[in-house]
1. If P91 satisfies every condition in (1) modelled with pLDDT under 85; (2) part of a helix (DSSP H, G or I) but one, which is the exception?
2. When both residues are 6+ apart or on different chains and their Cβ atoms are under 9 Å apart, which pairs have a first residue that lies in the stretch 69-90 and is β-branched (V, I, T), and a second that is surrounded by fewer than 16 Cβ atoms within 10 Å (Cβ to Cβ)?
3. Being open to solvent by less than 50 Å² (accessible area, probe 1.4 Å) and farther than 21 Å from Q136 by Cβ is the filter; apply it to the stretch 65-82 and report the residue that is modelled with the lowest pLDDT.
4. Identify all residues within the stretch 115-143 that are assigned to a helix (DSSP H, G or I) and under 13 Å from the mean Cα position of the chain (by Cα); write none if there are none.
5. Condition check: assigned to a helix (DSSP H, G or I) and modelled with pLDDT under 90. Does E47 satisfy that?
6. State which residue pairs qualify: first residue touching a residue at least 24 places away in the same chain (Cβ under 8 Å) and inside the stretch 129-150, second residue β-branched (V, I, T) and surrounded by 18 or more Cβ atoms within 10 Å (Cβ to Cβ) in any location, beta carbons under 6 Å apart, and separation of 6 or more residues or different chains.
7. Within the stretch 115-136, which residues are within 15 Å of N16 (Cβ to Cβ) and touching a helix residue (DSSP H, G or I) at 6+ places or on another chain (Cβ under 7 Å)?
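The values are calculated or read from the model by the stated rules, or taken from the named source; none is laboratory data. These numbers were taken from a predicted model, which means no experiment stands behind them. Neighbour counts run over all protein chains shown; Cβ positions are idealised from the backbone, glycine included. Surface accessibility is based on the protein's heavy atoms, side chains included, excluding ligands, DNA and RNA. Shrake-Rupley method; radii C 1.70, N 1.55, O 1.52, S 1.80 Å.
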Amino acid sequence: METNLRLLGLANRVRNVLGCSSVSLLLECADPIFRHPLLASLTMAHEKMLLSTHDEQMAALMQHERVRALYDMAMQTRLLWCIDSMQMSLPSLSEHANFSIAVAPLERPEGIIGFFFCIADQPGAFYTNRCALLEQRLPELSYELEQILKWQNEHPHAHYAEQI
């Protein structure tokens, strides 16, 4: 539970810094070549692999072909990618809203440890200084995420003690 709160706090901090409507943290890397070893120690029984400030949005987004392609490009190139104008119906945004989305890989020397999916409720939001700000903060955020997951890996029973 503490780990989930710390991870959600990380996503909330990114949302506040960027002024986004929502930020999701996906703890996975689909390609085993690029995957950080800590991700192998996570299982669905211990941690949710997706933490989001708006869970319903992320579920809807991951069904969209353009978003999955954006995720694949971010994973393969290890760069931040965005779509400046996307239109679809999402929870917490008006029906068929026009919004922008950015996908940023969180990378450490050992590999990719996760991804931020950032949604802004206006088109072109990430082609301003927001993209540069996020890119500048990615090494720090990646390090912090790695430390949270290392702590969880070293204290696997802390999660269960809090639940009891």
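1. Going through (1) modelled with pLDDT under 85; (2) part of a helix (DSSP H, G or I) one by one, P91 breaks only (2).
2. If the second residue must be surrounded by fewer than 16 Cβ atoms within 10 Å (Cβ to Cβ), the pairs left are I83/R66.
3. My answer is V67.
4. Filtering the stretch 115-143 for residues assigned to a helix (DSSP H, G or I) gives 125-127, 129-143.
Within the stretch 115-143, L134, L138, L141, S142 meet the criteria.
5. no
6. Matching pairs, first to second residue: L145/I113; E146/I113.
7. The answer is F116, C118, I119, A120, R130, L133, L134.
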